Amino acid sequence: MQIRTATPHDAPVVRSIIHEVYVGGGWADPQRSPSYVAELLDAEARIAGATVLVAEDDGRAIGTATATQAPSHLANIARPGELEVRMLGVVASARGKGVARALMGWCEKLAVERGMQAVVLTTEPNMTQARRLYEGLGYLRTPQRDWTINGVGLITYRRDLSKAWPE
């Protein structure tokens, strides 16, 4: 597996992965929250305004994540000194193979390279596999930063980068 920064040419494949994971997986409903789905699928804008990563296996894109920071309009919860991970997704056929863990590692390294103190993210309470991953990587819940959008309650996590990485 290789991870690289997306280019504008990667927009269709990033959009496809996000559509499969979020819309196809039932996490984003185009009828209930059309503006959120439009944001999710606007890979061109994300690639232009943030660092979008693409994970590939044998030349096939299998995962993606977006890394952003305040004051970007793409950052929902990031404060100065924090990198925010958004729209992490791995295609179904590649799940359980460490793709999400590798993407998170790249985001953490990117944060360190940028001199950031922490990585933050938002997820849904029912995304149990994602929550296990984040907690296993040393992310701690930050309930004081939880928020709601389109009637959906979201929970937040933060990882202090000054602490040692879990093995």
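The values are calculated or read from the model by the stated rules, or taken from the named source; none is laboratory data. None of the values given here were measured: they were computed from a predicted structure. FYI the Cβ positions are ideal-geometry reconstructions off the backbone, even for glycines, and counts take in every protein chain you see.
Taking first residues from segment 83-103 that are closer than 23 Å to Arg114 by Cβ and modelled with pLDDT of 95 or more and partners that are in a helix (DSSP H, G or I) and of a type in the set (Phe, Trp, Tyr), the Cβ contacts under 8 Å between residues at least 6 apart in sequence or on separate chains come to Met87/Tyr22; Gly89/Tyr22.
Give the residue that is nearest to the chain's Cα centre (by Cα), with candidates limited to residues of segment 1-25 that are closer than 23 Å to Arg101 by Cβ and assigned to a loop (DSSP other than H, G, I, E, B). So the residue we want is Ala6.
Looking only at segment 115-137, filter to residues that are under 18 Å from Ala28 (Cα atoms) and touching a strand residue (DSSP E or B) at 6+ places or on another chain (Cβ under 8 Å); which one of those is surrounded by the most Cβ atoms within 10 Å (Cβ to Cβ)? The qualifying residue surrounded by the most Cβ atoms within 10 Å (Cβ to Cβ) is Leu121. Taken together, the criteria exclude Val112 from residues that are surrounded by 21 or more Cβ atoms within 10 Å (Cβ to Cβ) and either of a type outside the set (Asp, Glu) or out of contact with any Lys or Arg (no Cβ under 6 Å at 6 or more places or on another chain) (or both). Candidates are the residues of segment 41-98 that are hydroxyl-bearing (Ser, Thr, Tyr) and under 16 Å from the mean Cα position of the chain (by Cα); the one that is surrounded by the most Cβ atoms within 10 Å (Cβ to Cβ) is Thr64. Listed by first and then second residue, the pairs linking a residue in segment 13-37 that is without any contact (Cβ under 8 Å) to a residue 60 or more places away in the chain and under 21 Å from Thr148 (Cβ atoms) to a residue that is surrounded by fewer than 17 Cβ atoms within 10 Å (Cβ to Cβ) and small (Gly, Ala, Ser), with Cβ atoms under 9 Å apart and 6 or more places separating them unless they lie on different chains, are Gly25/Ala92; Pro30/Ala38.
As a summary of the residue check, Glu108 satisfies the conditions (1) farther than 24 Å from Asp29 by Cβ; (2) among the acidic types (Asp, Glu); (3) over 14 Å from the mean Cα position of the chain (by Cα) except for the one numbered (3). I'd like to check something: does segment 138-146 contain any residue that is out of contact with any Ser or Thr (no Cβ under 9 Å at 6 or more places or on another chain), crowded, with 16+ Cβ neighbours inside 10 Å, without any contact (Cβ under 8 Å) to a residue 60 or more places away in the chain and among the hydroxyl-bearing types (Ser, Thr, Tyr)? Yes: one or more hits.
Looking at segment 38-59, which of the residues that are in a helix (DSSP H, G or I), free of Cβ contacts under 8 Å to residues at least 40 places away in the same chain and of a type outside the set (A, V, I, L, M) is farthest from Glu84 (Cα to Cα)?
Going through segment 38-59, the residues in a helix (DSSP H, G or I) turn out to be 38-41, 43-49.
Narrowing further to those that are free of Cβ contacts under 8 Å to residues at least 40 places away in the same chain: 38-39, 41, 43-45, 49.
From what is left, the residues that are of a type outside the set (A, V, I, L, M) are 39, 44, 49.
Working: Glu39: 16, Glu44: 18, Gly49: 13 Å.
Within segment 38-59, the match that is farthest from Glu84 (Cα to Cα) is Glu44.
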